[in-house]
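Beneath this line is the structure, given in C-alpha cells, with notes to follow.
Just so it is clear, none of the values below were taken in a lab; they were calculated from the coordinates. None of the values given here were measured: they were computed from a predicted structure. When we count neighbours, we look across all protein chains shown, and the Cβ atoms used for this are built from the backbone with ideal geometry, even at glycine.
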Amino acid sequence: MSHPAPEDQPDDGSPPGEDLDDHAVDEAALDAELAEAEQAQGDLGVSLRALLEPPGDIEQRTADGVDRSLHGRSALSLGMDLLGLGWLTITTILTDDLPPADGVPEGIDDED
Amino acid sequence: MLDRQLSELINEHADAVFRVAYGILHDRGLAEDVVQETMVKAWESLGSFRGDASTRTWVLRIAHNTSISALRRRRDQAMAPEDLPERASSDDPSARADGMANLAAVRHALEGLDEVSRTIVVLREVEGLTYQQIADALEVPVPTVKTRLLRARRTLQAAVDRTEEER
C-alpha cells in the first residue's frame, strides 16, 4: 500500500483529511447561502480593500523593478554569450587535430 | 524605457496582483516583489497566452502561483510569518486606519485561511470577479470556489462580529 509523497499532498494550508472541495453539495442551496452571507457581511469588503490597499505608486515602482530585472537578464545573457564565444575561440586555438583549410585530414594523400 | 504593452500590463493589473500577493503573504515588501516577478513572467510568456481566459484572469493566475512559490520559499527558510519583519512602508493602510477597529481582526482571520481561500476572498470581495473567472484563475471547479468562499466569509464575519461585541 502506497502513501502519497509529501510533495503530492495539497499545500494550501488546509487540515489533512478535510474535504474542502465538496462537490456533493447542493449548488442551489450553496448559492442561497452565499447570497445570504453576502447580505450579512456588511463592511467586510470595505475592510478587505483597506487592508490590502497597494502603495499609491505601485505601478511606477513595478515598472522600475521590471525594467531593472529585464536589463539585468539582458546583460547576463550577453555576458554568457561572450563567455561562450571566448571559450569556443580558446578551444579552437588550442585544439591541434583540426583539419587543414582544404578540408582534407592530414595523412590522406590525394592519389589522383 | 519599457515597452508600451508591458507598461499597459503593469498599469492595468499591478493593483490587483498586489492585493492577491499581499492577501497570501501578509508582507507588503514581498508582495511588491511578487508583483514585479508576475509582470516579468507575464511579459515573457505573453506570446504563449492563448486567450482562452481574459488577460486579467491569466495574470491573476500567475500572481497566485508566484505568491504560493514565494510562500514556500519563505517556509523553506524556516521562518514563521510572524517572525518576519514587515518592510518599512510609508503608506501602510493598517497603520493609517486607526478608526477601523475590525481591520486587525479581519487581517488575523484572513491569515487563518488556507492560501486558495484567501485568494478566492480577494478576487471576489475586492476584485469583483465572477465565480467562473475565479475558478479559471485558480484552476479549480466552481463549486469549490463557492464552498470555500462561503466558509471564508463566515470565518471573517465571525471575527468582525467578535470585535464589535468586545467594543
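A few points about this structure:
- Between B:Thr130 and any residue 5 or more places off or on another chain, the built amide H atoms are never under 5 Å apart.
- Sparsely packed chymotrypsin sites (Phe, Trp or Tyr not before Pro) within region B:1-64, loop by DSSP, other Cβ within 10 Å at most 14: B:Phe49
- Counting neighbouring beta carbons within 10 Å and listing from fewest to most, the residues B:His26, B:His64, B:His13 come out as B:His26, B:His13, B:His64.
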